[in-house]
Amino acid sequence: MLAFLFSCMFLLVKKCWGSSMFIVSLLTFFLVGLSSESPFFKINFFMELDFLGLSLIVLSFWIILMCFFSSMKIYKSSSKSLFFFTLLILLIFLILSFSLNNYLLFYISFECSLIPVLFLILGWGYQPERSIAGLYMMFYTIFASLPLLILILSKFYDGGLYMYLMNGATVGGLMNLFLIGAFLVKFPMYMVHLWLPKAHVEAPVSGSMILAGVLLKLGGYGIIRFISLSSNMEYFQLFIIWLSVWGGVLVGISCLSQMDMKALVAYSSVVHMSTCIGALLTMNDWGLRASVFMMIAHGLCSSGLFYLVGLIFNRTGSRSLLINKGLMNIMPSLSVWWFLLLAANMAAPPTLNLLGEIMLISSLLSWSDFLSLPIFLLTFFGGAYSVYLFSLSQHGKFMFTKQSFHTGDLLEFLVVFLHWVPLNLLIICAFVVVCFFSL
């Protein structure tokens, strides 16, 4: 099946055949290298890989490959070489971030992954405000990560910088906030999320796909790797869980007032990640698994939604829901994909989102019954803004004053298909992981 799909993709995109083959060859080489010991764990002096790291690396390859296929227009420009070189550099930093076992090297690759994204926003963004969006992104992430760097350097003489040598609790008090603050901004958590909508709105389609699909997951990955160093987290744990969950409710309400489709999808990412933050900080195995499943599911679903928004913007020149109405009348085939991905976004069966939501809810309720009300509201608004986006964009009277455009080609349908299919197939793998494997 995979061989057939990749063959179809290469036939459809002859122009980027070389770049696509490089990505697939790199992925194949990476996976074959793992098979020498075990597909679920491999370790050497600088790198280690478990199920969590492997899952996010494969997700990175998949999203970057989708970005290649969604950027056909850039092949007509003179900057195509720089664009695809930027994507490849970003892929390398992501692989390093998800496989390095040295805290300092992880921090360096973690921060360096922002540089290619900044280039994508500044170089291929749509509006002059992209410089402000890039400034917001760099200021929030770097300012929050500087205390983490100081903390890592301070632990250099306490046991080295390797993750497997520092399993005990070595950080307490206010240092706990410094430990996970950089990752809460990257996730992002409510109150430190303002950079994300700005970056999404100003980024090109591929930039938004990478931001939603992979880069936000660096925050969750960092919390999972660093949380074992913390101690006496009770007060911070209570504050952060309540702030993230109730903040997700407020952001869900704000989604219902958005007129920009891209901003709405960006804010929905904050809503989904708020429950992931809460489940991770409950520090139980069920919450860890639930967060990993939700991060993978959200990466595929949100990336696909940003791609669909990009298709609409390329045709109508606008992302406004006041202008883009009645799209079902002129693009019924794309409306089907809008429905399927928005259904996945609201955790409809049989998608991986459903399993992740059920596990997240059970993990949070087992930690505190008082979270019942915000979790109910999060679930309600998660469905409400998905229905809101679909009904306003697909129904109504289309503005025939807009210029004519085609309904879609095979490559566009294939890219959306390759976002949606894993959401429904990975739930089988998730059940296997829940039953037999540890993260």
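Read-outs throughout are calculated quantities, based only on the coordinates presented, and are distinct from any laboratory measurement. Please read these numbers as outputs of a predicted model, since none were measured by experiment. Quick reminder, even Gly has a Cβ in these numbers, built from the backbone with ideal geometry, and neighbours come from all protein chains shown.
Descriptive notes on the structure:
- Each other residue within a Cβ distance under 13 Å of residue 201 adds +1 if Lys or Arg and -1 if Asp or Glu, for a net charge of +1.
- Each label point was placed 7 Å from the Cα along the Cα-to-Cβ direction; for residue 58 and residue 127 their separation is 3.8 nm.
- Residue exposure sequence - 371, 149 - by fewest surrounding Cβ within 10 Å: 149, 371
- 12 Å beta-carbon shell around residue 363, net charge (K/R +1, D/E -1): -1
- Measuring r between the beta carbons of residue 174 and residue 429 and using R0 = 35 Å, the FRET efficiency lands at 0.30.
- Across the range 198-351, Cα pairs under 8 Å and at least six residues apart give a relative contact order of 29 percent.
- The range 297-342 shape via C-alpha gyration tensor axes, a/c threshold 1.5: oblate
- One decimal place: the segment residue 368-residue 194 gains 59.8 nm when fully extended, by the rule 0.36 nm per residue minus the C-alpha distance.
- Sorted by Cβ density within 10 Å, fewest first, the residues 421, 117: 421, 117
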